[in-house]
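Shown next, in structure tokens, is the structure this report addresses.
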Amino acid sequence: MESAETGLKTMRRVLFLLACLALAAPAAQSQSALPRQIAPGVWFLLGDASYGYSNTAVIEMQDYLIVVDANFPGRARELIAEVKQLSPKPVRYVFDTHAHGDHSYGNSLWTAAGATTLAYYKILAEMDRYEPARWQTAEAKRTDVRDLHEDNVQRPRQTFRKSPFILKDATREVDFLYLGWGHTPADGYVWLPMERVLCTGDAAVNGPRNKLWDANLANWPRVLSKAMRLRPLAVLPGHGDAGGIEILAGQRQFLLDLYSTVAAQAHEGKTPAEMKIQLPPRDANWTPKDLSQDVQIT
Ligand SMILES: [Zn+2]
């Protein structure tokens with residue numbers, strides 16, 4: 001992915017900051033794209049945004065598969081069938097990168113299919129804090145949630161506290177990371193250290209798909225700096241297409257711009273209602289700061 005494209009995407013994030021995901025869930029099969037192989041045994045599956053679906057990664061281990069994320073129930077049903085086309089191995093783990101419904105509401109379907117849902121432990125407090133209110137809102141809007149006939153999101157069956165939590169066998173190492181409060185207080189990442197592939201959930205998205213209501217805008221750029229220090233070759237975001245480290249750089253710059261613009265107006269004594277948020281223009285030639293340099297954690 002070229003940096004110029006990232007600039008445009010950052011602009012689009014700004015323009016569509018307030019855009020909401022479409023929540024309608026028609027009955028037909030979604031138009032989610034075909035799986036793309038990122039590395040041997042690592043696939044990226046772009047979710048159909050018109051259904052509100054998030055993206056998915058499938059990671060093949062020696063004897064089993066890992067899926068990132070559980071997704072909405074409608075997409076989980078599709079994935080349970082699609083993953084069988086990628087590999088005959090069973091799905092043993094399904095990682096929820098965070099508590100939002102488009103990443104976790106399919107949990108019970110994966111459990112019923114024999115997998116263990118996994119997450120960073122702080123996800124439980126997030127779910128206890130916001131559920132079942134958000135589930136009920138989704139149920140009112142989405143047939144796939146309603147059709148489950150359940151009254152709450154199923155909590156991940158396994159959690160980890162110490163980061164990294166590592167799954168390793170003769171073929172691959174997979175590190176589950178917690179880097180701090182960014183998109184939500186419980187954002188989990190999946191890092192493949194040999195292949196240098198990073199799954200970010202919504203801590204980094206590609207395009208105008210930021211949801212900020214559970215975010216820590218001051219801390220989020222610092223968390224992304226930590227993620228950039230991993231020097232990923234491939235970044236698989238929660239929404240939008242896969243790319244490289246420029247997705248992390250673009251996300252970080254957008255958040256820094258947003259924070260400093262609001263902070264400057266707050267400093268002038270403006271109330272939120274009086275603020276006019278116009279971020280610094282990033283034209284097609286905009287390039288993130290030299291990606292080959294160490295990222296300073298400020
Ligand atoms: Zn989210």
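Descriptive notes on the structure:
- Surface share of carbon and sulfur [accessible, 1.4 angstrom probe, percent] for the range 178-258: 57
- Antiparallel DSSP beta bridges within the range 68-191, as percent of all bridges there, nearest 5: 55
- Convex hull of alpha carbon positions in the range 47-139: directionally averaged projected area 5.9 nm².
- Net charge in the neighbourhood of SER87 (other residues with Cβ under 14 Å of its Cβ; Lys, Arg +1, Asp, Glu -1) is +1.
- The accessible-area ordering, largest first, of the residues MET194, MET228 stands as MET194, MET228, per a 1.4 angstrom probe.
- Accessible surface ranking for ASP187, ASP63, 1.4 angstrom probe, highest first: ASP63, ASP187.
- Heavy-atom accessible area per residue - the range 75-195, 1.4 Å, Å²: 44
The values are calculated or read from the model by the stated rules, or taken from the named source; none is laboratory data. Note that this is a predicted model, so its numbers are computed, not measured. Neighbour counts are summed over all protein chains in view; Cβ atoms, including those assigned to glycine, are modelled from backbone coordinates with ideal geometry. Surface areas here come from the heavy atoms of the whole protein model, side chains and all, with no ligands, DNA or RNA. Shrake-Rupley method; radii C 1.70, N 1.55, O 1.52, S 1.80 Å.
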